[in-house]
1. Using a simple spin-label model with points 7 Å from Cα along the Cα→Cβ vector, what separation in nm is obtained for Leu26 and Gln154?
2. Specify the angular offset, from 0 to 90 degrees and rounded to the nearest 10, of the alpha carbon long axis of helix 5-20 from the longest principal axis of the alpha carbons in the chain.
3. In region 112-219, which GluC sites (Glu not before Pro) fall in coil by DSSP and have 13 or fewer other Cβ atoms within 10 Å?
4. Please identify every one of the trypsin sites (Lys or Arg not before Pro) in region 290-356 that sits in a loop by DSSP and has no more than 12 other beta carbons within 10 Å of its own beta carbon.
5. Among the DSSP beta bridges whose two residues both lie in the chain, what percent are antiparallel, rounded to the nearest 5?
6. Mean projection of the alpha-carbon convex hull of region 16-91 over all orientations, in nm²?
7. Starting from the Cα gyration tensor of region 192-324, multiply each eigenvalue by 5, take the square root, and state the resulting semi-axes largest first in whole Å.
8. Just to check I understand the Karplus step: with θ = phi - 60° and J = 6.51 cos²θ - 1.76 cosθ + 1.60, what whole-Hz values come out for region 132-140, glycine and proline as x?
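Taken together, the values in this text are just the output of simple stated rules run on the coordinates, not laboratory data. Note that this is a predicted model, so its numbers are computed, not measured. Heads up, the Cβs are rebuilt from the backbone with ideal geometry, glycines too, and the neighbour counts pull from every protein chain shown.
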Amino acid sequence: MSHTYQEQFEQKLERLKNILAPYSDLSPSAFKSPEKGYRQRAEFRIWHEGDQASYAMYRPGSKELYCLRELPAAADSINKLLPSLLERLNQTKELKYRLFSIEFLSTLSGEMLVTLIYHRALDEEWLNLAKSLEQEFSIYVIGRSRKQKLCVSQDYVTEELDIEGISFRYQQIEGSFTQPNGLINQQMIGWALSQVGTQESDLLELYCGNGNFTIPLSQKFRQVFATEISKSSIRSLNWNIEANQINNLKSARLSAEEMGDALGAVRPFRRLKEIDLESYNFSHILVDPPRAGLDSKSVEFVKEFDYILYISCNPETLAANLEQICQSHEIVSAALFDQFPFTPHMESGVYLRKTA
């Protein structure tokens with residue numbers, strides 16, 4: 001990648017244009033990230049030398065560890081906590097002993113969860129000291145070791161995102177997937193809402209996670225049905241539905257393939273026994289698949305919908321999927337969301353409409 005942010009951003013934008021070029025000559029919308037302080041998750045190894053512990057990370061592309069005092073990409077709240085937390089750990093032998101790594105999960109709302117990971121079993125003494133950490137730094141603390149998880153008070157933070165002037169609350173559980181760049185995430189959700197407009201029909205969402213897109217999009221549709229295979233994500237989604245007082249959104253723990261079988265009446269699912277699929281009039285489908293993209297069967301399934309909103313974290317699989325999807329659909333709009341500045345990683349969105 002080029003050295004300046006503007007140069008690397010333009011390279012990503014050109015790459016997205018090249019992916020879209022066989023099907024459309026439109027210019028994608030482009031959403032830049034702050035160059036520093038954008039990442040709300042951070043993980044550090046702990047390097048022990050003598051009686052002192054330090055934060056450490058691997059050099060990119062190698063197994064060489066180096067010590068550091070701050071991480072410019074990390075949120076300001078994480079960088080502010082790093083030195084004072086390390087000082088407290090170095091002062092407290094029981095907290096530092098055989099500490100292997102530390103994970104931080106911060107939020108735009110100001111909450112912070114810190115996970116301390118050890119190569120030893122944790123006991124009551126550790127738990128009492130961790131409670132003191134929570135009180136001293138106004139954070140939530142979790143301790144982990146092999147086959148052990150000690151949650152001092154809670155294992156999640158509550159994020160608040162401002163979308164089109166409305167505040168939405170999200171439970172973000174330790175260890176579960178959440179978007180790492182909160183500011184760009186708000187832009188992504190806002191872009192998705194601007195594409196679909198307000199509908200009298202219904203939305204189906206696959207790979208919904210904790211409802212990152214689902215919750216705000218429920219304002220735009222008559223009904224929403226969302227599916228996700230992760231149990232913890234579905235639990236968070238249900239928490240978020242209640243916290244945001246959403247009454248037109250239902251969910252089920254199903255894979256994309258299972259959802260296709262359910263709508264096609266290929267086989268029944270006990271997990272859908274309280275869901276009346278025939279009551280839905282789906283015009284739109286939203287997919288936010290993992291890096292592997294959509295398999296061929298799932299692509300054929302999404303092509304049955306009039307409108308497809310495809311959020312992609314992998315340009316290669318996006319290109320492969322579009323080759324199939326654009327046999328029946330045309331690209332209405334697209335966008336680049338720079339979740340990870342100064343890296344090759346690309347997050348993008350494509351909105352498609354079925355052709356006559």
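1. 4.0 nm
2. The two axes meet at around 30 degrees.
3. Here the GluC sites (Glu not before Pro) that fit, given the DSSP loop and packing criteria, are Glu164, Glu200.
4. Arg291
5. Taking every DSSP beta bridge within the chain, about 65 percent pair in antiparallel fashion.
6. Spelled out: convex hull of the Cα atoms, projected over all directions, averaged, 7.5 nm².
7. In descending order the semi-axes read 21, 17, 15 Å.
8. 5, 4, 4, 5, 5, 10, 6, 10, 9
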